[in-house]
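The values are calculated or read from the model by the stated rules, or taken from the named source; none is laboratory data. From a predicted model like this one, the values you see are computed outputs, not experimental measurements. No Cβ is skipped: glycine too gets one built from the backbone with ideal geometry, and neighbour counts run over all protein chains shown.
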Amino acid sequence: MEVHAGPVSEIIARHAGHPEMALVALQEIQAQSGYIAVEAVNALTKALGVPEGELQSIITFYTELRTTPPAQHRICVCHGDSCAATGADRISETVEAHLGIAPNQTTPDCKYSYEHVYCLGNCALSPSMAIDEQVVGRCRPDTVVQQLERASESPAWHSRQDGSVYPPGDGSHA
Amino acid sequence: MIDVYISADMSSRSIGARDVENTLRSEQERRGDFRVVTTGSRGAFFLEPLIEVATAHGRVGYANVNASDVAALLEQGLLEGAAIAPFSIGVVTEHPFFKGQQRITFQRCGVIETGSIEAYENASGYAGLRRALSELGPAAIIDQVKRSGLRGRGGAAFPTGIKWQTVADIVSLKKYVVANGDEGDPGTYADRMLMEGDPFALLEGMTICARAVGAQQGYIYIRAEYPRAQAVMKQAVQSARDAGYLGASILDSGFAFDVDVRSGAGAYVCGEETALLESLEGKRGMVRPKPPYPAISGLFGQPTVINNVTTLATIPSIIVDGGDQYGSIGAGRSRGTIPLQLAGSLRTPGLVEVPFGVTLREVINTYGGGVPEGHQLLAVQVGGPLGDLMPDSGLDLPIDFDAFSAAGSMLGHGGVVVYDERTNPLQLAHRLMAYVAHESCGKCAPCRLGSQRAAEILDAMRRGETQPDDVQLIDDIAFAMRGSSLCALGMMAPTPVLSAIQRFPMWFSEVNDAK
Ligand SMILES: Cc1cc2nc3c(=O)[nH]c(=O)nc-3n(C[C@H](O)[C@H](O)[C@H](O)COP(=O)(O)O)c2cc1C
Ligand code: SF4
Ligand code: FES
C-alpha cells in the first residue's frame with residue numbers, strides 16, 4: 001500500500017534525504033495518525049534512505065512509539081519511586097478492577113489502554129497518574145474511578161492532536 | 001492594574017490550578033479591575049493551587065484555593081491582600097518553606113510571567129548574555145564559570161568550566177550545545193519546573209555557552225512525559241528569535257546561534273549523554289563507549305557541550321553576579337546552591353534551593369515537614385533509582401557531592417525520596433531492579449542479563465520462594481554488573497538492592513519472619 005497524499009506524506013517529504021531525522025519523522029507521523037503504519041515505514045525507508053530493519057529497531061527501542069492504533073484513552077499510573085512510596089499500588093489495583101485489564105492491555109471495546117510509567121515529574125503530589133495528556137496529582141482510590149469516567153466522556157485524545165506533540169492551545173499564555 | 005498570579009505549571013494543574021485560572025479569567029472579564037498573570041510554580045506544591053497578589057508589602061498568597069472559592073475571595077478583598085481564613089499565608093517569601101532558601105537558579109521560577117520575554121528582561125534576564133557579548137570574550141566567560149566552581153547538576157557533578165574549556169580549545173567548523181532535559185530519575189522535577197517556569201534562563205545559558213565555546217547550533221532534548229515543558233520551550237525559542245536573542249546575529253553582535261527543541265520517546269537510558277546524542281542523531285539510544293567524550297567527539301562526531309538543564313539555567317546568574325560571588329556560597333568542592341526535589345512520604349514535599357552544606361536531615365525536616373503523623377521513616381533514597389537507601393542514622397550527611405560519594409551514596413540530580421514503614425524493602429528492591437531490567441539499553445550482557453536475572457530472583461523472594469544462596473547469587477550478579485557495565489545504569493543498579501539487603505537483612509533471609 002502507498003501513503004496517500006496528505007499530512008503523513010508531507011511529513012515524509014519534508015525529511016527526505018535526512019536519515020538523522022528518522023526519529024523526528026516517526027514521532028511526527030505518530031502525532032499525526034496516532035500510530036505508525038507499515039506503509040509509512042516503507043515510504044520513510046525510501047525517502048530517508050534508512051533501511052527498514054533500522055527503522056523497525058528504532059520503533060521497538062522507544063516505548064512511546066507504536067505500530068497499532070491506540071485506544072481512545074490512555075491511562076498511565078505512575079510507579080516511580082515517589083508514587084510507589086505513597087500508594088501507587090492501590091491506585092493501579094483500583095484502575096485494574098474498574099477496567100478489568102492488566103498493565104499493557106487494552107479494554108475489548110478499545111476505549112482504554114492502561115500502563116505503568118516511571119515518573120511524570122509530579123512527585124511532590126504523589127501518587128500520580130495521567131489520563132490522556134492530563135496529569136492527576138494526589139490520586140486516591142476513591143476518586144480514581146470518577147476521573148476515569150470523566151475521561152470516557154471526552155473525545156479520544158489522539159484525535160485532538162494537531163500534529164504537534166501537544167494538544168493545541170496548552171502551550172499558550174494568552 | 002493589580003496583578004493576580006496563578007501557576008500554569010503541570011504539577012499545579014494536576015490538582016486544579018487550571019480551573020482556578022479559568023475562573024479568575026472569567027471574574028477578570030466581569031470586573032475588569034485586575035490582570036491575570038500565569039507563572040511557573042515556586043515549588044511549594046502543598047500550597048497549590050496558590051493565588052498571589054502584588055501588594056505594597058510584596059506578593060501575598062492564598063493557598064489551596066478551589067475554583068469555587070475564587071469569587072468569594074475577590075469579594076472579601078483578595079485584590080487588597082486582605083487576610084482571609086483559611087487561605088491567607090501572608091507574604092509568600094516570608095513563609096517558613098521559603099524563608100531559609102537561597103534562590104539563585106530558581107530566582108524567577110514561579111515569580112515572573114512565564115513565556116514573557118519582557119518579564120524576563122525586567123527580572124535581570126539577558127543581562128548575562130549582554131555582558132558576555134559586550135564585555136567578556138569567550139575566555140573570560142569560561143574563566144567566570146570556572147571561578148564559580150559550578151559542577152554539573154545532571155548526575156556526574158563534572159566541573160562545567162572544564163567541560164566548556166575542552167570544547168573551546170578544539171578547532172572545528174561545527175560545534176554543538178545540547179541541553180539534557182531528559183530528567184529520567186523518578187522523584188525529580190527541577191528541570192521540568194525550570195523549562196515551564198523560566199524557559200529563557202535555559203536559552204540564555206545555552207547562548208552564553210555557545211558564545212564561550214564557539215557553537216552555532218543548540219538542541220534541547222526533553223523527555224516525552226513533559227509535553228507542557230516542550231510546548232513552553234518551543235514557544236520561548238520562537239520569542240527569543242523574534243526579539244533577536246537567537247538567530248543569525250544575536251543582538252546585532254554578528255554572533256550566530258539557534259536552538260531546536262526535540263522530544264524523547266520513552267527511554268530512561270537516553271538521559272545518559274552519549275545515548276542522548278545517538279537519539280538526537282535519529283537512532284536508537286544506545287550508549288557509546290567513552291572515550292571519546294562528547295566534548296571531543298559528540299553530536300555527529302563534532303565537539304559538543306552537553307549539560308543538564310539546571311546547570312545551564314544557572315549560568316546567567318553566574319555571569320551577571322560574577323563567578324566569585326556564586327563560588328563564595330557552598331561547602332568543600334560543592335559550590336553554590338542546589339535545587340533539591342523532595343518527594344515520597346513527606347508532609348510538605350516540594351522544590352528547595354539551598355546552599356551546599358546543610359544536612360539532609362535539616363532539608364527533610366525543615367522543608368519537607370518530616371514523614372506524615374503516625375508513620376516512621378524507613379529509608380531515604382537520594383540521587384534517583386540507582387541511589388543508596390539511607391537509614392535514619394545516615395541523614396546527618398551534609399548536602400555535598402563529595403561527602404555523599406565518600407559515604408557510598410550520590411547526590412545525582414538532587415532527588416530525595418522518603419519511604420516510610422508502609423514500604424516493604426523486598427518489594428522495593430524488586431521494583432528498582434525490575435526498573436533497570438526494563439530500561440537497560442541492552443548493549444552489555446552483564447547489565448541486560450544480570451538485571452533480568454536479579455529481578456527474577458527478587459521476584460521469587462518476594463513471593464516467599466527464597467532459596468538458600470539467593471543473596472550470594474545477587475552479590476555475584478552485582479559484582480559482574482559493577483565491574484563490566486558500560487554506563488552508570490548497569491554499574492550503579494546493584495547499589496540500592498545491596499543496601500536494602502545490608503540494612504534490612506531479615507527481609508532477604510530464607511526464614512523470613514518479617515513478611
Ligand atoms: C543511565 C543514566 C541516565 C542519565 N539521565 C540523565 C538525565 O535524565 N538528565 C541529565 O541531565 N543527566 C543524566 N545523566 C547524566 C548525563 O550522562 C550527563 O552526565 C549530564 O547530562 C551532563 O550534564 P551536567 O554536567 O550538566 O550534569 C544520566 C546518566 C546515566 C548513566
Ligand atoms: S550498562 Fe546497561 S544501559 Fe548502560 S550501556 Fe550497558 S546495557 Fe546499556
Ligand atoms: S515518581 Fe510518580 S510522578 Fe515522579
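For residue B:211, are the conditions met, namely being within 16 Å of ligand 3 (Cβ to nearest atom) and either farther than 30 Å from residue B:493 by Cβ or of a type in the set (Lys, Arg) (or both)? When the stated conditions are applied, residue B:211 does not pass them.
Restricting the range B:262-276 to residues that are within 11 Å of chain A (Cβ to nearest Cβ) and more than 14 Å from residue A:65 (Cα to Cα) leaves a set whose member that is surrounded by the most Cβ atoms within 10 Å (Cβ to Cβ) is B:270. Looking at the range B:414-434, can you tell me whether even one residue there is without any contact (Cβ under 8 Å) to a residue 40 or more places away in the chain, closer than 28 Å to residue B:309 by Cβ and away from ligand 1 (no atom under 16 Å from the Cβ)? Yes, the range B:414-434 contains at least one residue that is without any contact (Cβ under 8 Å) to a residue 40 or more places away in the chain, closer than 28 Å to residue B:309 by Cβ and away from ligand 1 (no atom under 16 Å from the Cβ).
Scanning the range A:73-93 for residues that are crowded, with 20+ Cβ neighbours inside 10 Å and farther than 15 Å from residue A:130 by Cβ yields A:81, A:84, A:85, A:86. For the range A:105-139, the set of residues classified as of a type in the set (Ser, Thr, Tyr) and either touching a His at 6+ places or on another chain (Cβ under 8 Å) or within 13 Å of ligand 3 (Cβ to nearest atom) (or both) consists of A:112, A:113, A:118, A:126, A:128, listed by residue number. Search the range B:142-169 for residues that are under 14 Å from residue B:314 (Cβ atoms) and pair each with any residue that is within 16 Å of ligand 3 (Cβ to nearest atom) and modelled with pLDDT under 95 when their beta-carbon atoms are under 8 Å apart and the residues are at least 6 apart or on different chains. Correct list of pairs: empty, since none qualify.
Just the residues that are within 16 Å of ligand 3 (Cβ to nearest atom) and of a type in the set (A, V, I, L, M, F, W, C), please, taken from the range B:234-292.
If we filter the range B:234-292 for residues that are within 16 Å of ligand 3 (Cβ to nearest atom), which is where we start, we get B:264, B:266, B:268, B:271.
Residues satisfying the conditions do not exist here.
Suppose we filter the range B:13-48 for residues that are assigned to a helix (DSSP H, G or I), surrounded by fewer than 18 Cβ atoms within 10 Å (Cβ to Cβ) and among the small types (Gly, Ala, Ser); how many remain?
Kept after step one, since they are assigned to a helix (DSSP H, G or I), are these residues of the range B:13-48: B:13, B:17-31, B:45-47.
With surrounded by fewer than 18 Cβ atoms within 10 Å (Cβ to Cβ) added as a condition, the list becomes B:19, B:22, B:25-26, B:28-31.
Going one step further and asking which of them are among the small types (Gly, Ala, Ser), we end up with B:26.
Of the residues in the range B:13-48, 1 are assigned to a helix (DSSP H, G or I), surrounded by fewer than 18 Cβ atoms within 10 Å (Cβ to Cβ) and among the small types (Gly, Ala, Ser).
Any residue in the range B:459-468 that is buried (at least 22 other Cβ atoms within 10 Å of the Cβ), more than 14 Å from every other protein chain (Cβ to nearest Cβ), assigned to a helix (DSSP H, G or I) and touching a helix residue (DSSP H, G or I) at 6+ places or on another chain (Cβ under 9 Å)? Yes, the range B:459-468 contains at least one residue that is buried (at least 22 other Cβ atoms within 10 Å of the Cβ), more than 14 Å from every other protein chain (Cβ to nearest Cβ), assigned to a helix (DSSP H, G or I) and touching a helix residue (DSSP H, G or I) at 6+ places or on another chain (Cβ under 9 Å).
Please determine whether any residue of the range B:494-513 is out of contact with any strand residue (DSSP E or B) (no Cβ under 8 Å at 6 or more places or on another chain) and of a type in the set (Lys, Arg).
Among the residues of the range B:494-513, not one is out of contact with any strand residue (DSSP E or B) (no Cβ under 8 Å at 6 or more places or on another chain) and of a type in the set (Lys, Arg), which makes the answer no.
In the range B:224-260, which residues are of a type outside the set (A, V, I, L, M), in contact with a Lys or Arg (Cβ under 8 Å, 6 or more places away or on another chain) and away from every other protein chain (no Cβ under 11 Å)? Result: B:247, B:255, B:257, B:258.
Please verify whether residue B:110 is away from every other protein chain (no Cβ under 14 Å) and on the phi > 0 side of the Ramachandran plot, treating the condition exactly as stated. No; evaluated as a whole, the condition is false for this residue.
Scanning the range B:450-467 for residues that are away from ligand 2 (no atom under 13 Å from the Cβ) and within 29 Å of the chain's Cα centre (by Cα) gives a single hit, B:455.
Sort out which residues of the range B:62-106 are small (Gly, Ala, Ser) and either in a helix (DSSP H, G or I) or free of Cβ contacts under 8 Å to residues at least 12 places away in the same chain (or both), and write them in order of number. Lay out the reasoning, then the answer.
The first filter runs over the range B:62-106 and keeps only residues small (Gly, Ala, Ser), leaving B:63, B:67-68, B:71-72, B:77, B:81-83, B:85, B:88, B:90, B:100.
Passing the criteria: B:67, B:68, B:71, B:72, B:77, B:82, B:83, B:85.
With respect to the conditions (1) within 30 Å of residue B:373 (Cβ to Cβ); (2) in contact with a Gly (Cβ under 6 Å, 6 or more places away or on another chain); (3) within 16 Å of ligand 2 (Cβ to nearest atom); (4) not β-branched (Val, Ile, Thr), residue B:447 lacks only one, and its number is (1). In this structure, residue B:419 qualifies as of a type outside the set (Asp, Glu), outside any helix (DSSP H, G or I) and within 8 Å of chain A (Cβ to nearest Cβ).
What number of residues within the range B:49-60 satisfy the criterion of being surrounded by 24 or more Cβ atoms within 10 Å (Cβ to Cβ) and in contact with a Leu (Cβ under 8 Å, 6 or more places away or on another chain)? Qualifying residue count, the range B:49-60: 1. Of all residues in the range A:6-17, those that are among the hydroxyl-bearing types (Ser, Thr, Tyr) have Cβ atoms under 8 Å from Cβ atoms of residues that are not in a helix (DSSP H, G or I), 6 or more apart or on another chain, in A:9/A:3. Of everything listed in (1) over 30 Å from residue B:337 (Cβ atoms); (2) away from every other protein chain (no Cβ under 14 Å); (3) within 14 Å of ligand 1 (Cβ to nearest atom), the single unmet condition for residue B:442 is (2). Listed by first and then second residue, the pairs with beta-carbon distance under 8 Å, at least 6 apart or on different chains, first residue in the range B:381-401 and within 11 Å of another protein chain (Cβ to nearest Cβ) and surrounded by 24 or more Cβ atoms within 10 Å (Cβ to Cβ), second among the charged types (D, E, K, R) and assigned to a helix (DSSP H, G or I), are B:381/A:81; B:384/A:81; B:385/A:81; B:389/B:503.
Residues that are of a type in the set (S, T, N, Q) and within 16 Å of ligand 2 (Cβ to nearest atom) within the range B:470-504 comprise B:484, B:485, B:495, listed in sequence order.
Scanning the range B:134-156 for residues that are among the hydrophobic types (A, V, I, L, M, F, W, C), over 15 Å from residue B:327 (Cα atoms) and either assigned to a helix (DSSP H, G or I) or near ligand 1 (Cβ under 9 Å from one of its atoms) (or both) returns B:139, B:140, B:156.
Scanning the range B:173-184 for residues that are over 9 Å from the mean Cα position of the chain (by Cα) and either within 12 Å of ligand 3 (Cβ to nearest atom) or under 16 Å from residue B:114 (Cβ atoms) (or both) yields one hit, B:184.
Residue B:200 falls short on exactly one of the conditions (1) within 16 Å of ligand 2 (Cβ to nearest atom); (2) in a helix (DSSP H, G or I), and that condition is (1).
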